[in-house]
Amino acid sequence: MIYPILKHSHMMFALLSISFFLIRAYFSFSKPELLKIKAIKIAPHIIDTLLLIMAISLIFVLGVGLQTWIIAKIVALVFYIGFATIVIKQFGSITIRILACVMALLSFSYIVSVAITKQALWFI
Ligand code: HEM
């Protein structure tokens with residue numbers, strides 16, 4: 001059965017994605033020179049691409065189509081990547097980067113909550 005393999009791979013890449021983000025956020029605040037290491041630069045792109053490939057495959061395997069909760073996850077993913085980019089590329093002041101870091105973590109938490117509840121607005 002392909003479904004459990006895809007779902008667990010998807011979840012594993014999600015875990016890798018947030019782990020790499022936390023490592024790079026730590027480096028961006030305390031050891032920015034380490035952000036220049038090629039593997040640290042490239043790995044998150046590969047992980048995020050695989051995360052998305054697994055997600056799209058899941059949509060096909062489940063035949064769920066673009067339901068509201070899936071669109072919410074895609075939009076929140078764009079926010080997560082955007083906020084993460086502000087932190088990692090060191091855009092703006094330290095306050096902006098701390099705020100962006102919090103927002104990236106909130107976006108990620110929202111994605112996980114939507115994944116579990118399958119509801120975009122589970123909190124209302
Ligand atoms: C950082 C981004 C993401 C995270 C952390 C994440 C997390 C998760 C988790 C934890 C599950 C398992 C939920 C469960 O059934 O208990 C899941 C399932 C799933 N995700 Fe994601 N996801 C992300 C991005 C996406 C995106 C962008 C899409 C759509 C394009 C997507 C589509 C799906 C689908 C279709 C499932 C299967 C749901 C089911 O088994 O019924 N995910 N995701």
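Here, each number is a calculation from the coordinates, and none is a lab measurement. Please read these numbers as outputs of a predicted model, since none were measured by experiment. Note that each Cβ is placed from the backbone with ideal geometry, even for glycine, and that neighbours are counted across all protein chains shown.
Miscellaneous remarks
- Working note: Karplus 6.51/-1.76/1.60 with θ = phi - 60° gives the stretch 56-72 the couplings 5, 4, 4, 4, 5, 4, 7, x, 8, x, 8, 6, 4, 5, 6, 4, 4 Hz, where Gly and Pro are set to x.
- From most to least packed by mean Cβ count within 10 Å, the peptides 34-40, 70-76 give 70-76, 34-40.
- Cα-based reach from K118 at 21 Å (exclusive), listing lysines while leaving out same-chain residues under 8 positions away: K7, K73
- Charged neighbours of C101, selected by a Cβ distance under 14 Å, balance to +3 (K, R count +1; D, E count -1).
- Modelled spin labels at V112 and L50, positioned 7 Å past Cα toward Cβ, are 2.0 nm from each other.
- Taking a straight Cα-Cα cut-off under 27 Å and skipping sequence neighbours fewer than 8 places away in the same chain, the lysines within cross-link reach of K36 are K89.
- Karplus (6.51, -1.76, 1.60) ³J(HN,Hα), θ = phi - 60°, over the stretch 107-115, in Hz, Gly and Pro reported as x: 4, 5, 4, 4, 4, 5, 5, 5, 4
- Solvent-free Debye scattering, log10 I(q)/I(0), computed from the Cα coordinates of the chain at q = 0.13 Å⁻¹: -0.55
- Applying the Karplus relation 6.51 cos²θ - 1.76 cosθ + 1.60 with θ = phi - 60° to the stretch 45-52 yields 3J(HN,Hα) values of 5, 5, 4, 5, 5, 5, 4, 6 Hz, where x marks Gly and Pro.
- For the pair L62 and V102, label points projected 7 Å from Cα toward Cβ lie 3.1 nm apart.
- Modelled FRET efficiency - R0 25 Å, I74 with F29, Cβ distances, 0.05 increments: 0.30
- Q67 sits among other residues whose Cβ lies under 11 Å from its own Cβ, and their net charge, with Lys and Arg +1 and Asp and Glu -1, is +2.
- Each stretch of four or more DSSP H residues adds -39500 (n - 2.57); spread over every residue of the chain, this sum gives -28500 deg cm²/dmol at 222 nm.
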